[in-house]
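Notes for the one structure printed next.
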Amino acid sequence: MLEDRTVVFRRLDGVEQEVGDMAKQYIEKGLLVPDHVITRVMMSELENRRGQHWLLDGFPRTLVQAEALDKICELDLVITLNIPFETLKDRLSRRWIHPPSGRVYNLDFNPPHVHGFDDITGEPLVQQEDDKPEAVAARLRQYKDVAKPVIELYKSRGVLHQFSGTETNKIWPYVYTLFSNKITPIQSKEAY
């Protein structure tokens with residue numbers, strides 16, 4: 001979530017600053033970015049990547065977004081991770097960031113060397129409003145409501161694959177096997 005947003009905002013700095021700023025205002029309040037804003041951002045990015053392979057994380061989240069995506073491509077594979085609500089809430093609310101660099105820490109599995117301070121600069125870490133437990137819980141409830149129809153859509157098309165669990169190292173081997181069986185490996189230009 002935060003990691004994904006950081007990448008998107010960095011890309012937007014020179015591309016669509018106005019849309020990026022609008023999205024950032026919602027995120028800072030702990031709200032999901034409205035369809036018209038996030039769809040504009042994503043369609044612009046994906047149009048620039050026509051003919052390339054890409055992986056989306058967290059998009060589309062609504063039927064409106066899925067319909068917009070349908071207009072520019074046909075998806076090969078959709079994955080949903082079924083992780084218990086409490087596990088997600090706990091993980092997300094234990095996330096702290098170093099705003100100038102975008103470095104992300106998690107107090108459970110990627111803690112800073114000194115509690116509350118960035119490993120590289122020693123500057124204080126902050127917890128964004130949307131990472132506080134109350135905001136995380138509200139965002140997860142909202143996400144569940146809007147994502148269910150999208151999950152059903154991709155399930156009906158036969159491209160949805162679901163994985164359940166609480167630990168990345170236990171889920172990842174299954175996801176990796178799926179990727180390996182469904183997607184032809186892409187060789188880098190350096191390999192030629």
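Take the residues in region 71-104 that are of a type in the set (S, T, N, Q) and closer than 26 Å to S164 by Cα, then tell me which one is most open to solvent (accessible area, probe 1.4 Å).
Going through the qualifying residues, I end up with N82.
Being over 19 Å from F59 (Cβ atoms), of a type in the set (D, E), at pLDDT below 85 and not assigned by the TED database to the domain that holds T62 narrows it down to one residue among E129, E123; which is it? When all the criteria are applied, what remains is E129.
Taken over region 163-184, the residue count meeting the criterion of being touching a residue at least 60 places away in the same chain (Cβ under 8 Å) and within 29 Å of Y26 (Cα to Cα) is 1. The residues of region 25-47 that are of a type in the set (A, V, I, L, M), in a loop (DSSP other than H, G, I, E, B) and in contact with a Lys or Arg (Cβ under 8 Å, 6 or more places away or on another chain), listed by number, are L31, L32. Might you check whether a residue that is at pLDDT 90 or above, assigned to a loop (DSSP other than H, G, I, E, B) and open to solvent by 70 Å² or more (accessible area, probe 1.4 Å) occurs anywhere in region 48-70? Looking for residues that are at pLDDT 90 or above, assigned to a loop (DSSP other than H, G, I, E, B) and open to solvent by 70 Å² or more (accessible area, probe 1.4 Å), one finds none in region 48-70, hence no.
Taken over region 105-149, the criterion of being within 19 Å of K29 (Cα to Cα), in contact with a helix residue (DSSP H, G or I) (Cβ under 9 Å, 6 or more places away or on another chain) and open to solvent by 90 Å² or more (accessible area, probe 1.4 Å) is satisfied by E129, R141, K144. Of the set (1) in contact with an Asp or Glu (Cβ under 9 Å, 6 or more places away or on another chain); (2) at pLDDT below 90; (3) not small (G, A, S), all apply to F179 but (1).
Listed by position, the helices (runs of 4 or more DSSP H) inside region 79-192 whose residues that are within 28 Å of H53 (Cα to Cα) number at least 1 are 133-156, 168-182. For region 12-47, name all the residues that are charged (D, E, K, R), at pLDDT below 80 and more than 15 Å from the chain's Cα centre (by Cα). Across region 12-47, the qualifying residues are D13, E16, E18, D21, E28, K29.
The values are calculated or read from the model by the stated rules, or taken from the named source; none is laboratory data. Source: prediction; values computed, not measured. Glycine gets a Cβ as well: all are built from the backbone with ideal geometry, and neighbour counts include every protein chain shown. Quick note on the areas: whole protein, heavy atoms, side chains included, nothing else; ligands and nucleic acids left out. Shrake-Rupley method; radii C 1.70, N 1.55, O 1.52, S 1.80 Å.
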